[in-house]
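Each value in this text was obtained by applying a stated rule to the coordinates, not by laboratory testing. What you see is a predicted model, and the numbers here were worked out from it, not measured in a lab. Here the Cβ is made from the backbone with ideal geometry for all residues, glycine too, and neighbour counts use every protein chain on show.
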Amino acid sequence: MISCAHIDFGDAFFRGKTDHCDTIVGRTNDPDLRQKLELITGTNNFIHPYSDHSGRIIFARKNHRKSTIKSGDAFIIESDSPAQAGIIRTRDCVPILGEVYGFLLGIHISNQTEFGYDSRNFKQPITKRVFVELIEYHYGMDLTNCQVYIGPCIAGIMNDGCECYGYTENHSQRDGTRLLRLIQTHHPDVNLEGLFFWKDNQDKIYFRWGALIVEILQSLGIPRKNIHTNYNYCTRCSNGWWSTRAFNHTTDPGEKALFAEVGPSNLAWINRQ
């Protein structure tokens, strides 16, 4: 039996490896997944995009009548929608939850969705599409009152300086060259100084992934005081969170079987107050 650990952000919640697995794990085609998520969120009217790295944004509008689980990487629950919760599931990628003027938001941030790395569907950074286009421009809002919560991810802020997000590119250039160029191209206002490092003059690059996301959110106009990082732990070197990178090196037969059978993930959700 795995014990329960519940992290409370007011109306934003995160659960991970130390929760009871039966209530948080399950692949997308798991027939019991909907019931599990309803039990956790306390509502039978939620929206859950399961990540396919397409950058698709799923909306819950005023005609949203029942729980929806479909492929995508972000959700927006409009202020007049009857949907009561939105859910994001991740392992090492970055889960973002947010609220502004009664709109609830959730984003699954990855190299593909944020920078277009090895993505055929990339249009522009998913953070810009959600926060800028779909809120500030489309709805005539600004982001000064937006509250954002960053959950556990690889190389999170609470383990600042860890070497868990080592990045390798198979080409003749120094590791990270292509990714750094993509970050600078799509987020020219972000100062990358101190957000990555090479160790001992080796080619392998290490990113401070959680800190980078904070800088990106600030560049979009969200005040730093409104970006909550209290539980932005590193999923690999912090106990209690599911991590693909940790799984790739585990010798625990129980964990190997669990990943192969049910695909556990960290859960992030936000409820309407």
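Phi angles of segment 104-113 translate, via the Karplus equation with coefficients 6.51, -1.76, 1.60 and θ = phi - 60°, into HN-Hα couplings of 9, 10, x, 9, 9, 9, 9, 4, 5, 6 Hz per residue; Gly and Pro are given as x.
For segment 204-273, the Cα gyration tensor yields ellipsoid semi-axes of 29, 17, 9 Å (square root of five times each eigenvalue, largest first, whole Å).
From the cross-link list 199/256; 128/225; 17/256, which pairs have alpha carbons spaced over 21 Å apart? Flagged as over cut-off: 199/256. Across segment 81-207, the volume of the C-alpha convex hull divided among the residues equals 137 Å³ per residue.
Extension gain for residue 139-residue 118 works out to 4.4 nm (0.36 nm per residue, less the C-alpha to C-alpha distance). Amide H contacts of residue 242: 17, 266, each under 5 Å away and 5 or more positions distant or on a separate chain (H built 1.01 Å from N in the peptide plane; Pro and chain starts excluded). Counting only aspartates and glutamates at least 8 places from residue 123 when in the same chain, those with an alpha carbon closer than 19 Å to its own are 52, 73, 114, 133, 136, 189.
If you wrap the Cα atoms of the chain in a convex hull and average its projected area over all directions, you get 14.5 nm². Take each peptide in 100-113, 203-216, 81-94, 164-177, count the other Cβ atoms within 10 Å of every residue, and average; sorted highest first, the result is 81-94, 100-113, 203-216, 164-177. Taking only the Cα atoms of segment 119-273, the radius of gyration and Dmax are 17.4, 52 Å.
Across segment 76-163, the mean sequence separation of Cα contacts (distance under 8 Å, 6 or more residues apart), normalised by length, yields a relative contact order of 29 percent.
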